[in-house]
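Undergrad: Handing you a structure now.
Coordinate-derived values only; no laboratory data. The structure presented is a predicted model; accordingly, all values stated were derived computationally and were not measured. Quick reminder, even Gly has a Cβ in these numbers, built from the backbone with ideal geometry, and neighbours come from all protein chains shown.
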Amino acid sequence: MSDHHEVAVVRWPGADPAAADGLTGLLAAYHLRTQAEKGEAVSDVAALPDRYRAEVLDPRTAFAGDTVLVALSGRSAVGCLVVTAPAGGRCEVKRLWTDPAFRGRGIAAGLVGAALAHAAHSGADTVRLTVWRWRAAAIALYERLGFTVAESWDERERLVCMERAV
């Protein structure tokens with residue numbers, strides 16, 4: 001039985017304090033897990049590289065100009081995604097993360113769907129993203145949602161670049 005219907009995607013920053021409060025924890029989990037997967041594990045947020053620590057400690061400033069989507073289950077933030085402002089007809093999806101206790105419920109797909117709708121409404125014609133090569137489940141999700149592998153625009157070796165039209 002799926003409780004996908006209990007999850008709402010909201011724009012942040014918005015009037016819902018649960019979205020703002022929960023975002024910090026979701027971003028921290030995302031960055032700590034990513035650092036560990038890259039073989040560069042750190043013990044806490046204070047030890048993250050400056051750029052990532054800034055996102056966790058002050059997401060309003062780090063993502064100023066972008067749209068942050070937060071999935072809520074009741075009053076709990078259970079997923080997040082950042083959509084950059086359109087540039088050159090493209091938006092980029094970043095920081096897709098679902099709380100591991102809530103995976104398998106369609107939250108990530110719902111966030112990506114909301115990001116695609118937002119990008120189209122914002123005038124973008126393409127949405128692109130990068131994903132670490134070892135995140136096979138994420139790559140499979142993106143492929144199911146119509147993304148295809150694209151020529152790399154990022155110098156980091158272990159990233160897969162993907163895009164799709166909106």
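Undergrad: If the elastic network links every pair of Cα atoms under 10 Å, which of ALA115, ALA77, ALA64 fluctuates the most in the Gaussian network model of the chain?
TA: Of ALA115, ALA77, ALA64, the most mobile in the Gaussian network model is ALA64.
Undergrad: Tell me, what is the FRET efficiency for ALA46 and ALA109 to the nearest 0.05, using R0 = 41 angstrom and their Cβ-Cβ distance as r?
TA: 0.80
Undergrad: Still on this structure, please answer the following. Charges at C-beta only: +1 for Lys and Arg, -1 for Asp and Glu. How large is the resulting dipole of the chain about its Cα centre, in Debye rounded to 20? Intermediate values should be presented prior to the final figure.
TA: On the way: 19 positive and 20 negative charges, 42 e Å.
With Lys and Arg at +1 and Asp and Glu at -1, about 200 debye.
Undergrad: Please give the peptides 124-135, 140-151, 80-91 ranked by average Cβ packing (other Cβ atoms within 10 Å per residue), highest first, as a rough proxy for protection.
TA: Details: 124-135: 17.3, 140-151: 14.2, 80-91: 19.0.
Peptide ranking by packing, descending: 80-91, 124-135, 140-151.
Undergrad: Sticking with the crude label model, points 7 Å out along Cα→Cβ, report the distance from GLU157 to ALA85 in nm, one decimal please.
TA: If labels sit at GLU157 and ALA85, their model points lie 3.6 nm apart.
Undergrad: Another question, if that's okay. Could you give the nm distance between label points at VAL149 and GLN35, where each point is 7 Å from its Cα heading toward the beta carbon?
TA: So the label points at VAL149 and GLN35 sit 3.0 nm apart.
Undergrad: Now, a different point. Output needed for the chain: three equivalent-ellipsoid semi-axes, defined as square roots of 5 times the C-alpha gyration tensor eigenvalues, in descending order, whole Å.
TA: Working: eigenvalues 90, 83, 57 Å².
Semi-axes from the Cα gyration tensor: 21, 20, 17 Å.
Undergrad: Determine the calculated [θ] at 222 nm for the chain from helices alone, applying -39500 (n - 2.57) to every DSSP H run no shorter than 4 residues and normalising by the residue count; nearest 500 deg cm²/dmol. Can you show the working numbers first?
TA: On the way: 5 runs with 57 residues, N = 166.
Calculated at 222 nm, the ellipticity per residue is -10500 deg cm²/dmol.
Undergrad: With charges only on Cβ, +1 for K and R and -1 for D and E, what is the dipole size of the range 44-138 about its Cα centre, in debye, rounded to 20?
TA: Details: 12 positive and 8 negative charges, 53 e Å.
Charge dipole, the range 44-138, about its Cα centre: 260 debye, nearest 20.
Undergrad: What number, in percent, do you get for the relative contact order of the chain if the mean sequence gap of Cα pairs under 8 Å and at least 6 apart is divided by its residue count? Before the final figure, lay out the partial values.
TA: Details: 277 pairs, mean separation 31.6, N = 166.
The normalised contact order for the chain reaches 19 percent.
Undergrad: Which residues does a label at ALA137 reach in the range 89-123, if reach means a backbone N under 13 Å from a point 7 Å past the Cα toward the Cβ?
TA: Once the point is set 7 Å along Cα→Cβ of ALA137, 97-109 turn out to lie under 13 Å by backbone N, inside the range 89-123.
Undergrad: Continuing with the same structure: If I require 18 Å or longer along the helix axis, counting alpha carbons, and a Kyte-Doolittle average no lower than -0.5, what helices from the chain are left? Use full DSSP H segments. Mind showing how you got there, number by number?
TA: Details: long enough: 17-37 (31 Å, 0.13); 107-121 (21 Å, 1.45).
Taking the DSSP H segments of the chain (at least 18 Å long, mean hydropathy at least -0.5), we get 17-37, 107-121.
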